[in-house]
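Below: the structure, in structure tokens.
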Amino acid sequence: MSVLEVKNLQKFFKIPGCKPVHVLKGVDFSVKSGERVAILGRSGSGKSTLLHILGGLLKPSSGTVRRCANIGFVFQAYHLMPELTVLENVVLPTMARGMKKAKAYENASRLLNEVGLTDRIEHLPGELSGGERQRVALARALVTEPELVLADEPTGNLDAMTGAGILEMLTRLSNRKTALVMVTHSLEAAEICDRTLKLENGILV
């Protein structure tokens, strides 16, 4: 069963006084339940634009995206709420899903324990290192038990050792029923996936 289907996806960006920039040129692919897919490409190739469209954060210029209802998102820049504690940040997505409070806090506490942050749950994001923030972001993406996780350069802001730890956690915590689509420029990150696609000139190959 597919959790994501993309057909003839196009994206133009309009810049005043210039011709529209054609970033995505007919992207087609699908992802099955439990499958892990890496999308490789150089910086500026449109990888993040594609992922944001897949997650509903950007609208395509044309084409269709069909996805499962429950998705998690791991951002390169973390996007944690600075005024909320670690625990509150992880629990936040459960509110939109209507998850019961007890279940939400149980899931959040368990995930924070599994990423080694039990002693940091009352800290604010500004008190954490980059690697710790990414671990919080990973726990937040998984707290609703999603069918699909979208990850945007999850190791892009981290040193090699910290990045390797994040990849190990992502592999371990997203069970085989959870599909993963990860955009990255890192061959090491792509190695945890079942299949690798490359974004070239706005087309996946």
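Derivation of every value follows stated rules applied to the coordinates shown; laboratory data play no part. Note that the structure is predicted; figures quoted are calculated from it, not measured. All Cβ positions, glycine included, derive from the backbone under ideal geometry; neighbour counts span all protein chains shown.
If you fit an axis through the alpha-carbon atoms of helix 130-142 and take the longest principal axis of the Cα set of the chain, what angle between them do you get, 0 to 90°, nearest 10?
It is inclined by approximately 80 degrees.
So what is Rg over Rh here for region 1-120, counting just Cα atoms and using Kirkwood for Rh?
1.04
What list of ³J(HN,Hα) values in whole Hz, one per residue of region 111-126 in order, does the Karplus curve 6.51 cos²θ - 1.76 cosθ + 1.60 (θ = phi - 60°) give from phi, with Gly and Pro shown as x?
Result, rounded to whole Hz: 5, 5, 5, 5, 9, x, 10, 4, 7, 10, 5, 9, 7, 8, x, x.
Rounded, prolate or oblate, given the Cα gyration tensor of region 70-127, with a/c below 1.5 counting as rounded? Intermediate results must be reported in sequence, preceding the final value.
On the way: a/c = 1.57, a/b = 1.19, b/c = 1.32.
Cα axes put region 70-127 in the oblate bin.
Is it possible to state the helix-based mean residue ellipticity at 222 nm for the chain, with each DSSP H run of 4+ residues giving -39500 (n - 2.57), the sum divided by total residues, to the nearest 500 deg cm²/dmol? What is it?
Only helices count here, giving -9500 deg cm²/dmol.
Sort Arg135, Arg172, Arg36, Arg195 so that the residue with the fewest other Cβ atoms within 10 Å of its own Cβ comes first and the one with the most comes last.
Arg172, Arg195, Arg36, Arg135
So how compact is region 122-205: Cα radius of gyration and Dmax in angstrom?
Reported Rg and Dmax, both Å: 13.6, 45.
Would you work out the relative contact order for the chain, in percent, from Cα pairs under 8 angstrom that are 6 or more residues apart?
In percent, rounded to a whole number, it is 33.
Which of Asp194, Asp152 has the fewest other C-beta atoms within 10 Å, and how do the rest follow up to the most?
Placing the least packed residue first, the sequence is Asp194, Asp152.
Amide H of Leu180 versus every other amide H placed in the peptide plane: which residues, excluding those fewer than 5 positions away on the same chain, fall under 5 Å?
Those lying under 5 Å, H to H, from Leu180 are Glu35, Arg36, Val37, Val149.
Arranged by the count of other C-beta atoms within 10 angstrom, fewest first, what order do Lys11, Lys101 take?
Ranking Lys11, Lys101 by Cβ neighbours within 10 Å, fewest first, gives Lys101, Lys11.
What longest region of the chain stays clear of GluC sites (Glu not before Pro) that DSSP places outside H, G, I, E and B and that have at most 16 other Cβ atoms within 10 Å?
Longest stretch, sites excluded: 1-82.
Restricting everything to alpha-carbon atoms, can you work out Rg to Rh for region 94-134 with a Kirkwood hydrodynamic radius?
Rg divided by Rh gives 1.03.
Would you please state which residues of region 18-60 a label at Ala96 would reach in this model, taking the label point 7 Å out along Cα→Cβ and a backbone N cut-off of under 20 Å?
Within reach of a label on Ala96, which here means backbone N under 20 Å from a point 7 Å along Cα→Cβ, region 18-60 contributes 48-60.
Kindly list the residues of region 186-205 that lie in the label zone of Arg42, defined by a backbone N under 13 Å from the point 7 Å along the Cα-to-C-beta vector.
Of the residues in region 186-205, 199-202 have backbone N under 13 Å from the label point off Arg42.
For the chain, find the longest principal axis of its Cα atoms and tell me its angle to the long axis of helix 86-97, 0 to 90°, nearest 10.
So the inclination is approximately 60 degrees.
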